[in-house]
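For reference, the structure is listed below as structure tokens.
The values are calculated or read from the model by the stated rules, or taken from the named source; none is laboratory data. Here the structure is a predicted model, which is why all the values come from computation and not from measurement. For neighbour counting, all protein chains shown are included, and Cβ atoms are generated from backbone atoms with ideal geometry for every residue, glycine included.
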Amino acid sequence: MLVNAVRLYFIHLSAFAAGILSSYFPGLDIMVAIIYLVVIALEARRAYELPLIQKIVTASIWQAPSLFFAVLCISSFNFLGLYEYAIFMLQFWFTPLLGLLSLAGINYYFDKPLYYYLLVYLPFISCIYYIGIASINRR
Amino acid sequence: MNTKPKRGRNKFGLLLFPLLVLLFSALLVSSNRPVFENQEAVMYAYIDSAARGNFGYGNTMKYANDISFAGLEAGDIILGGYPDCAYGRFSHVAMYSGNGQVIEAFADYGVHIRPIDHFRDYKEVCLLRVEADPEVKKQAVEYARSFQGKMFFALAFKPGDRIWNCSKVIWKAYNEQGIELDESEDLWISPDTFCDSSHVSIIREKGI
């Protein structure tokens with residue numbers, strides 16, 4: 001379980017760097033985002049044999065920083081003055097998906113753009129994505 | 001018997017992104033060698049600030065500066081700065097669009113239009129006028145307005161039209177009108193870049 005979480009962190013942090021650099025070349029950032037989703041799906045398949053609770057813990061450890069900032073955004077709780085940086089931190093955390101997020105369109109809901117809501121809920125969606133793929137029956 | 005392909009797949013997942021980082025770094029450096037050799041490039045300012053422990057846009061507070069916005073024209077540039085900002089004297093920039101409104105970009109709103117009054121919160125404020133035909137400035141405002149709702153990302157590079165930060169919106173709006181506000185041809189635009197441009201003059205500035 002811990003090995004899986006460490007692997008996810010390593011992949012995520014290297015994808016973070018790849019995501020920033022690729023954004024200099026418009027289009028490549030979208031490719032990086034798609035590759036990231038595929039690689040995470042492959043990682044999830046590695047966790048197939050783990051009990052469900054361990055899959056949940058692995059995904060939660062992997063997304064712990066983003067879950068923390070998402071909770072700050074949703075609750076408006078200014079823990080240690082971090083609230084105003086929470087959306088910045090979520091943006092940086094999800095840099096690997098920047099290319100796809102930027103395609104979210106320009107619609108506003110309750111005074112905020114669509115990508116804002118995607119960022120706030122992506123930590124939970126990422127966990128579900130990982131746990132879901134890790135739980136699909138092999139044929 | 002099945003372990004070899006599995007091992008290969010295990011390594012593939014771990015090595016793919018580091019390899020992409022190397023590839024993209026090589027492409028970026030080779031296509032921007034003069035920027036990397038320029039010690040005044042924005043990235044070196046970020047690194048210097050980080051070494052001093054300054055990250056982000058500095059110590060935010062409502063400083064209640066009393067600068068006058070009287071006489072601003074559409075297309076003028078407004079800069080605001082908090083102490084210990086990582087990118088220089090100014091942390092934010094917006095374009096005046098008329099009727100007390102500015103076009104700007106923030107993380108939680110993307111590119112959007114809002115009242116100018118929040119620039120009173122900054123400790124440092126500077127109002128710049130781009131030396132250009134009023135019709136050209138009007139076109140720059142309209143062009144910037146067309147980015148409304150687009151995504152904000154603090155480290156948005158100059159190329160591309162999906163990801164923006166506050167400085168890139170203004171640079172691009174004037175760039176499309178044939179006015180290059182960044183004479184250093186850097187990878188990024190920082191708010192301070194506009195102060196150094198030969199195409200602008202200072203209307204007034206204030207530091208508390």
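Values as computed for the structure displayed
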quantity: Evaluation of residue A:103 against (1) within 8 Å of chain B (Cβ to nearest Cβ); (2) outside any loop (DSSP other than H, G, I, E, B); (3) at pLDDT below 95; (4) over 15 Å from the mean Cα position of the chain (by Cα) (one fails), failing number; calculated: (2)
quantity: Residue list for the range A:25-47, filter: surrounded by fewer than 20 Cβ atoms within 10 Å (Cβ to Cβ) and of a type outside the set (A, V, I, L, M, F, W, C); calculated: A:26, A:27, A:45, A:46
quantity: Scope the range B:150-208; condition among the acidic types (Asp, Glu) and surrounded by 18 or more Cβ atoms within 10 Å (Cβ to Cβ); matching residues; calculated: B:182, B:186, B:192
quantity: The range B:99-117, subset under 23 Å from residue B:163 (Cβ atoms) and not in a strand (DSSP E or B), residue farthest from the other protein chains (Cβ to nearest Cβ); calculated: B:109
quantity: Residue B:101, sole failed condition from (1) buried (at least 22 other Cβ atoms within 10 Å of the Cβ); (2) at pLDDT 95 or above; calculated: (1)
quantity: Residue that is farthest from the other protein chains (Cβ to nearest Cβ), among those in the range A:27-71 that are more than 13 Å from the chain's Cα centre (by Cα) and not in a helix (DSSP H, G or I); calculated: A:51
quantity: Selection count, the range A:105-132, where residues are closer than 30 Å to residue A:49 by Cβ and among the hydroxyl-bearing types (Ser, Thr, Tyr); calculated: 4
quantity: Conditions (1) within 8 Å of chain B (Cβ to nearest Cβ); (2) of a type in the set (Gly, Ala, Ser); (3) part of a helix (DSSP H, G or I); number of the one not met by residue A:5; calculated: (1)
quantity: Top-ranked residue of the range A:10-26 - restricted to ones that are in a loop (DSSP other than H, G, I, E, B) and without any contact (Cβ under 8 Å) to a residue 40 or more places away in the chain, ranked as farthest from the other protein chains (Cβ to nearest Cβ); calculated: A:25
quantity: Condition broken by residue A:85, with the remaining ones in (1) facing chain B (nearest Cβ under 9 Å); (2) among the hydroxyl-bearing types (Ser, Thr, Tyr); (3) touching a residue at least 24 places away in the same chain (Cβ under 8 Å) satisfied; calculated: (3)
quantity: Sole exception among (1) within 14 Å of chain A (Cβ to nearest Cβ); (2) touching a helix residue (DSSP H, G or I) at 6+ places or on another chain (Cβ under 6 Å) for residue B:176, by number; calculated: (1)
quantity: Single unsatisfied condition, residue B:104 versus (1) touching a His at 6+ places or on another chain (Cβ under 8 Å); (2) without any contact (Cβ under 8 Å) to a residue 12 or more places away in the chain; calculated: (2)
quantity: Hits in the range A:60-84 - residues which are closer than 14 Å to residue A:127 by Cα and of a type outside the set (Val, Ile, Thr); calculated: A:60, A:62, A:63, A:64, A:65, A:66, A:67, A:68, A:70
quantity: Every residue from the range B:116-140 that is free of Cβ contacts under 8 Å to residues at least 40 places away in the same chain and farther than 16 Å from residue B:62 by Cα; calculated: B:133, B:135, B:139
quantity: When residues of the range A:106-139 are limited to those that are part of a helix (DSSP H, G or I) and in contact with a strand residue (DSSP E or B) (Cβ under 8 Å, 6 or more places away or on another chain), the one farthest from the other protein chains (Cβ to nearest Cβ); calculated: A:117
quantity: Any hit, the range B:124-138, residues being in contact with a Pro (Cβ under 6 Å, 6 or more places away or on another chain), surrounded by 18 or more Cβ atoms within 10 Å (Cβ to Cβ) and not in a helix (DSSP H, G or I); calculated: no
quantity: Qualifying residue in the range B:178-189 (condition: touching a residue at least 24 places away in the same chain (Cβ under 8 Å), in a helix (DSSP H, G or I) and of a type in the set (S, T, N, Q)); calculated: no
quantity: Filter result for residue A:77 (of a type in the set (A, V, I, L, M, F, W, C), in a loop (DSSP other than H, G, I, E, B) and more than 12 Å from every other protein chain (Cβ to nearest Cβ)); calculated: yes
quantity: Pairs where the first residue, in the range A:119-130, is over 17 Å from residue A:92 (Cβ atoms) and the second is outside any helix (DSSP H, G or I), C-beta under 6 Å, 6+ apart; calculated: A:127/A:63
